[in-house]
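Shown next, in structure tokens, is the structure this report addresses.
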Amino acid sequence: MSGTESAPSEVPPREMDENLANADARGSVAITSQAIAPLLAVARITRGARILDVGCGAGRAAAAASDQGAASWGVDNAAAQVTAAAKRYPAIAFLRADAAQLPFAAESFDAVISNFGIPHFRDQDGFLREAFRVLCPCGVLAFTAWSDPAQKEFSAADGVAPPTGDFFRFGEAAHCQIALRNAGFDSVAIEVAHVAWRPPAPEALIEAVMAGIVRAAVLPNAETAEAQAVIRDAVRTRIEADTRDGAFALVLPAIVVSAKKTKPHATPTKRHGDVDAQLPTSEPPHRF
């Protein structure tokens, strides 16, 4: 299975990535940032370690690793995200690259991390293979992924199509074990990620999803105005029912996954388009 996730036919994949790239500023960062600390903990970040953040978004995980003394790099397939990350964290090198074709030489990094990036990668297994290739022996891959909430309240019968299987594929512990071992990793460990969002009002949750939390926005925004109104009313009703003393917390099921590379890469050769064949170094590679 390739792990390729197809976008709606009316929206070209790269254009969809760019359209949704600003979701970080419209709600999702309050949620995904909660997983950065446990992600870095399982990645065993140490001072001077070389860290690659894949699907880096606006660069917060790479920056957090840098704050812990690591030498950080970040890649993302969306130009808008790379630009935003480079502007926010100018001391870190951010590059535009596909997760399944990383522009680095083999055995370049001590850790590869991805904070909720893998659900969005079109070639998820390709990302695992590339992570294994660019990791040094005894290097660690660590990523976070959403688990399937399986909420019956918002099923296809309510007018909302179910999410694709690939999105929640790496939210399943059994699948993670198999896929990581197939890519060459061992010492696979999986923990629950405690992620919750406390929106100030029902409308904040609704607008965050409808305005652009990555991928989650695709389905509702493809609906008619009438169907969107039904969705909004259903979400508002559910939130109000679960509000206690004026407070509401949306608990989001997620996991933190880590694995180790103990076997050497079979052919530690340079890839076409490597940023710097001499990586790793103490200096960041040149940007494209």
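Things worth noting here:
- Helices (runs of 4 or more DSSP H) contained entirely in the range 15-70, each with at least 1 residues that are buried (at least 18 other Cβ atoms within 10 Å of the Cβ) and modelled with pLDDT of 95 or more: 36-42, 60-67
- Evaluation of Leu205 against the conditions (1) surrounded by 13 or more Cβ atoms within 10 Å (Cβ to Cβ); (2) of a type in the set (A, V, I, L, M, F, W, C); (3) in a helix (DSSP H, G or I); (4) modelled with pLDDT of 65 or more shows that the sole unmet condition is (4).
- Scanning the range 113-136 for residues that are within 12 Å of the chain's Cα centre (by Cα), part of a strand (DSSP E or B) and among the hydrophobic types (A, V, I, L, M, F, W, C) yields a single hit, Ile113.
- Pairs are defined by a Cβ separation below 7 Å, a sequence spacing of at least 6 or placement on different chains, a first member in the range 78-91 that is touching a residue at least 12 places away in the same chain (Cβ under 8 Å) and over 14 Å from Ala62 (Cβ atoms), and a second member that is small (Gly, Ala, Ser) and part of a helix (DSSP H, G or I); the pairs so defined are Ala78/Ala21; Ala80/Ala21.
- Applying the condition of being surrounded by fewer than 24 Cβ atoms within 10 Å (Cβ to Cβ) and without any contact (Cβ under 8 Å) to a residue 60 or more places away in the chain to the range 100-129 and asking which residue is farthest from Val256 (Cα to Cα) yields Ala100.
- On inspection, Ala100 passes the criterion of being at negative phi, part of a loop (DSSP other than H, G, I, E, B) and either at pLDDT below 95 or aliphatic (A, V, I, L, M) (or both).
- Every condition in (1) surrounded by fewer than 19 Cβ atoms within 10 Å (Cβ to Cβ); (2) of a type outside the set (Val, Ile, Thr); (3) part of a helix (DSSP H, G or I) holds for Pro90 except the one numbered (3).
The values are calculated or read from the model by the stated rules, or taken from the named source; none is laboratory data. The structure displayed is predicted, hence computed values, not measured ones. In this analysis, Cβ positions are derived from the backbone assuming ideal geometry, glycine residues included, and neighbour counts consider all displayed protein chains.
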